[in-house]
There are 2 protein chains.
Amino acid sequence: MSVNHWLDQVKWDEKGLVPAIAQDYLTGQVLMMAWMNRESLALTEQEQRAIYWSRSRACLWRKGEESGHVQHLHSLRLDCDADVVLLEVEQVGGIACHTGRPHCFYKRLDAGQWREDIAVAKDPKEIYNHE
Amino acid sequence: MSVNHWLDQVKWDEKGLVPAIAQDYLTGQVLMMAWMNRESLALTEQEQRAIYWSRSRACLWRKGEESGHVQHLHSLRLDCDADVVLLEVEQVGGIACHTGRPHCFYKRLDAGQWREDIAVAKDPKEIYNHE
């Protein structure tokens, strides 16, 4: 277990998960937030790419395996309470969001309404029908 | 309820919470991640400053009320799944973390160890003993 000791220092929640924030290492843009379990965080470090835990599908989610929009890991950080991780990544294709946008935070509160202010860069049909 | 309609579009988790990421609006630095309930998110918008929900203390947490390290709101964003919010903020005092560091992600994974690579900017004793 000594090899994986750093994983023991993460405070996993009652479901065994930790929030993982992915940030573009060049621009600083916050790309997305997803969840990791112990296995996915271990694999993220091993493979130096973001591998999340899909809560909806209850399986490992190798970011980009279908879309090609892999997130190569530049650094992995843990917060003061050890219950959030921050990944600085290189976002392949410049698209992190399944909607085809550069990032997932494309709705901004404006006069009491969430308004989309980030354009779709690529039609999701083109992203996910390539195989 | 029409005034608060934007709050209804947030997908609160089973505890009525949503993760809230605070990012420095100038530098892009991810400062911290905490949680908000409906009331705290409504207040964040009303008062244009970050107001979280403290899970450990089970109460509203007006960021900076004790330390003075208020986070003034510049923008409020919602992600594609409507279950994460991103706040672009002006971090008063340049310190977001209760340890006296500029941000909370001061531990970086390096050769299998979490290593602190961000220095304390101000002794927490000085931050929290001012009243």
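Read-outs throughout are calculated quantities, based only on the coordinates presented, and are distinct from any laboratory measurement. What you are looking at is a predicted structure, and each value in this text was computed from that prediction instead of being measured. Positions of Cβ are generated from backbone atoms using ideal geometry, with glycine treated the same way; all protein chains shown enter the neighbour counts.
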Crossing angle, helix A:38-47 versus chain A [Cα axis fit, 0-90 degrees, rounded to tens] | 80 degrees
If labels are modelled 7 Å from Cα along the Cβ direction, A:Cys59 lies from its partners in the other copies at nm distances, smallest first, of 4.7
Note on the range A:76-131: contact order normalised by length, alpha-carbon pairs under 8 Å, 6 or more apart, percent, works out to 23 percent
Hey, got the dipole for the protein assembly as shown? About the Cα centre, +1 on K and R Cβ, -1 on D and E Cβ, debye to the nearest 20?
-> 200 debye
State to the nearest 20 debye the size of the charge dipole of the range A:66-112 about its Cα centre, where the only charges are +1 on K and R beta carbons and -1 on D and E beta carbons.
-> 260 debye
Within straight-line cross-link reach of B:Lys15, lysines at Cα separation under 29 Å, skipping those fewer than 8 residues along the same chain | A:Lys11, A:Lys15, A:Lys63, A:Lys107, B:Lys63, B:Lys107
Once the protein assembly as shown is represented by equal point scatterers at the alpha-carbon sites, with solvent omitted, what log10 I(q)/I(0) does the Debye formula produce at q = 0.16 Å⁻¹?
-> -1.31
Closest to the B-onto-A rotation axis, which residue of chain B has its Cβ, and how many Å off the axis is it?
-> B:Gly28, 1
Taking the label point 7 Å from Cα along the Cα-Cβ vector, the copy-to-copy distances for A:Lys125, listed from shortest in nm with one decimal, are 6.6
What percent does the relative contact order of chain B come to when contacts are Cα pairs within less than 8 Å and at least six residues apart?
-> 21 percent
Positive-end residue, the range B:5-94 charge dipole about Cα centroid, Cβ charges, pick of B:His74, B:Trp35, B:Ser54 | B:Ser54
Along the range B:24-37, Karplus-curve 3J(HN,Hα) (6.51, -1.76, 1.60; θ = phi - 60°) to the nearest Hz, with x for Gly and Pro, reads 5, 6, 8, 8, x, 4, 6, 7, 5, 10, 9, 10, 10, 9
Is there a simple number for the mean count of other chain Cβ atoms within 10 Å of the Cβ of residues in B:73-86, and what is it?
-> 6
Within chain A, excluding any trypsin sites (Lys or Arg not before Pro) found in a DSSP loop (not H, G, I, E or B) and having at most 12 other Cβ atoms within 10 Å, the longest uninterrupted segment runs A:58-131
log₁₀ I(q)/I(0) of the range B:5-94 at q = 0.13, 0.14, 0.15 Å⁻¹, via Debye over equal Cα point scatterers, no solvent, to two decimals?
-> -0.37, -0.43, -0.50
